[in-house]
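The values are calculated or read from the model by the stated rules, or taken from the named source; none is laboratory data. Keep in mind it's a predicted model, so treat the numbers as computed, not measured. No Cβ is skipped: glycine too gets one built from the backbone with ideal geometry, and neighbour counts run over all protein chains shown.
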Amino acid sequence: MTRLLFLVALLVGCAPADPSVSDVPVVTAAYTGDTACASCHEDQYASFQSHGMANSFYAMHPERVIEDFPGPAVYHEESDFYYRAFREGDRFFQEEYRLDDRGTQTHRLVRPITHVVGSAQAARTYVSHVNGRYFELPLTWYAQEGIWDFSPGYAEANQRFDRKVTARCMACHTDAPPRAQGLDDVFGAQPAAISCERCHGPGSEHVAARRAVPNPPEGGDPTLVRLASLSMDRRLDVCQQCHLNGAVVTYPDGKDPYSFRPGDALSDHQVLYAAAHDQGFSVVSHADRLKQSACFLESLSTQRPLECTTCHDPHDGFRDQGPAYFDATCQSCHTGVAQEVAPELQGAHQEAVGCVDCHMSRREVENAPHSTFTDHFIRASAPVEESVSGQNVEGVVLQPLEGEASAGEEALAYLTYGFGRGDMDAIARGLILAESERDWFLQEENSEAALTWGKALLLAGRQGAVEPMRAAARADTTDAERLHGVARALEADGDFDTALSFYERALTYTPGSVRILSDYGNLLQRLSRLGEAEEAYRKAIAEEPWDAASHNGLAVTLMAAGRLDESIAAARDAVALNPDYVDGLTNLGTALARSGQLEESLEVLRKASLLGYEQGNLAPVLNLGLVALQTGNHEEAVNMIGRVVVANPDNTDMRVLLARAFIGKGDPISAMAQLNAGLRANPGHPAATALKEELESRN
């Protein structure tokens, strides 16, 4: 999910402060939610409600509507879908539809808007909630321009209603919601907006202590992190959880997007990499841009160096205070600036107005359209042209944002980047590096990296995934994702019985994982254990009704069981969710043919063949050829089966089918040519031999 974060402007202030004393997080405390804070800290709680952080995630409610409903349709040309936001009473929706050449609607899906991401300082993006899962919706309201348009990333690659919000996405928009064990994308409770505990740490011990004894002991309260008591680096880390620009982040074993607690070193929890071509200004580059500023660098030796809270009161919204609020902060250090600048600029500096406008310009960012953001690189003059993060460059080169990375860490970064961006070149590079760092990946303390390596091997269709997957699972025998990885690797190697046992072990820990249930069902179906496969698919559908792959798997299973009417219904469900789903269309067309509904079968398979052939998927092409042959459409049969033969010239079975199509077309010479070619590739092939003898006897 692309971030739409509140802005943090960072300026200079040089007022004296208490000496900094590093503190440590209270590691045994649990999260309580900020309503517990409000009972004692009423003023801070009330003022915080106007802050962007307090409005980073919330339920969609009629009283908070700022958008235009209904919105105009927004067309995605590549996928040929229209999207529109609309309202029915106090409920809000986004719809997807498609029109044919006559303007008739041929497809429609509707998803409710249940939650909002973003305070609307720049934009509001929307999600739809079902069974603990959150799905980003395609349209965003861009508040600065007051228009509906595609959510960041959707114009380039339309993920429709299928873009799941994972923990990595949630972490910078919410507090720490509980997650179902082993499931990165299932949240046990509704997430809340960012609150007190993201900066002060979990508050359970503090709440209990202060309820027992209202006043803390002399010397400070050890039950809660107070940012003023932290070192400069640790204070910055609290903000840098989310305000650093990076192309990819990796996590050491035992860490995740929510493991950081104020007072920790952020580098102990994550490693952030930037792309060499992509180190410019971005939506979340506040901290790294600030650190390039002379104001920051030259203030480090002062009593109170420049940092986030120099200009931003984290307990109070600042948007409504106007530019004078920021100008005054600048003037706390830059008094008498009119005498320091060049003569031709002195007139513009007689009054302290507009400091930010000139020295921290607002700029557009490629991955956040229709919005401008403050560049936190404070400079004396207007910036020259430089890179803007979000550009796509072939052959990405990754560099750690701070320090150096080992060769193994570098390999992991490329693999992680490749998964996140769908960049197979990055994955290929990561696999090359990983192979040379095999020992590093297989160490127990790098088991999360081993899991990523195994996934990359499976995605690339390469052998050898079992070893890293087993290494990952040995480090945590109750982690369902790792057990699932072993199962997939074993299945790819043909060890089906052992694979089944690992699928079943994984499901004992996360019985609601749609991915595991669907993969388990696929293997059961492959082994003709149809009743068990059906059960697995139906469980997956109950968990995630919008998962087209599970509906399709159920359709295949029911077709194999001879339950054609039910199979057709399941396949229709899959295609209704995705009208361009080639496998779903193929199975629908096949089930229709088997049930004798040949005309509709041909219509469906023609669409599947057109889409599949473009993707290199010949299954629908072959099935269309077979149904065409069955219905006497010999010309179409020749064309379709001929395409399969071109792609598989040594497959004698396909040559025989093509020969039959030629015979039906009245072209025995071409039929004989196909049979001869098939027999050269496979001498003595029974069906080819028999059909050739039959042709020869006719002539």
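Observations on the model:
- Residue in region 155-169 that is in contact with a Pro (Cβ under 6 Å, 6 or more places away or on another chain) and part of a loop (DSSP other than H, G, I, E, B) present: no
- Some residue of region 47-61 being of a type in the set (Gly, Ala, Ser), buried (at least 17 other Cβ atoms within 10 Å of the Cβ) and touching a helix residue (DSSP H, G or I) at 6+ places or on another chain (Cβ under 6 Å): yes
- Qualifying residue in region 117-131 (condition: among the hydroxyl-bearing types (Ser, Thr, Tyr) and farther than 23 Å from Tyr97 by Cβ): yes
- Number of positions in region 69-106 that are surrounded by fewer than 15 Cβ atoms within 10 Å (Cβ to Cβ), basic (Lys, Arg) and in contact with a strand residue (DSSP E or B) (Cβ under 8 Å, 6 or more places away or on another chain): 1
- Some residue of region 460-467 being over 20 Å from Thr498 (Cα atoms) and buried (at least 19 other Cβ atoms within 10 Å of the Cβ): no
- Any hit, region 282-298, residues being within 30 Å of Glu445 (Cα to Cα), in contact (Cβ under 8 Å) with a residue 24 or more places away in the chain and not hydrophobic (A, V, I, L, M, F, W, C): yes
- Selection status of Asp237, assigned by TED's automatic domain parsing to the domain that holds Val284, within 25 Å of Cys308 (Cα to Cα) and without any contact (Cβ under 8 Å) to a residue 40 or more places away in the chain: yes
- Test: residue in region 333-353 that is out of contact with any helix residue (DSSP H, G or I) (no Cβ under 7 Å at 6 or more places or on another chain), surrounded by 18 or more Cβ atoms within 10 Å (Cβ to Cβ) and modelled with pLDDT under 85: yes
- Any hit, region 509-528, residues being free of Cβ contacts under 8 Å to residues at least 12 places away in the same chain and surrounded by fewer than 23 Cβ atoms within 10 Å (Cβ to Cβ): no
- Of all residues making up region 257-281, the number that are in a loop (DSSP other than H, G, I, E, B) and free of Cβ contacts under 8 Å to residues at least 24 places away in the same chain: 4
- Options Glu696, Glu614, Glu635; residue that is over 30 Å from Ala574 (Cα atoms) and modelled with pLDDT under 95: Glu696
- Selected residue (criterion: modelled with the highest pLDDT) from residues of region 284-301 that are assigned to a loop (DSSP other than H, G, I, E, B) and surrounded by 22 or more Cβ atoms within 10 Å (Cβ to Cβ): Ser285
- Any hit, region 208-224, residues being within 33 Å of the chain's Cα centre (by Cα) and either closer than 30 Å to Phe135 by Cβ or surrounded by fewer than 20 Cβ atoms within 10 Å (Cβ to Cβ) (or both): no
- Residue within region 213-228 that is basic (Lys, Arg) and without any contact (Cβ under 8 Å) to a residue 60 or more places away in the chain present: no
- Screening Tyr134 against (1) touching a residue at least 24 places away in the same chain (Cβ under 8 Å); (2) outside any strand (DSSP E or B) leaves a single unmet condition, (2).
- On inspection, Ala122 fails the criterion of being more than 19 Å from Asn578 (Cβ to Cβ), in contact (Cβ under 8 Å) with a residue 40 or more places away in the chain and surrounded by fewer than 22 Cβ atoms within 10 Å (Cβ to Cβ).
- Any hit, region 137-150, residues being touching a strand residue (DSSP E or B) at 6+ places or on another chain (Cβ under 9 Å), surrounded by fewer than 22 Cβ atoms within 10 Å (Cβ to Cβ) and within 25 Å of Gln240 (Cβ to Cβ): no
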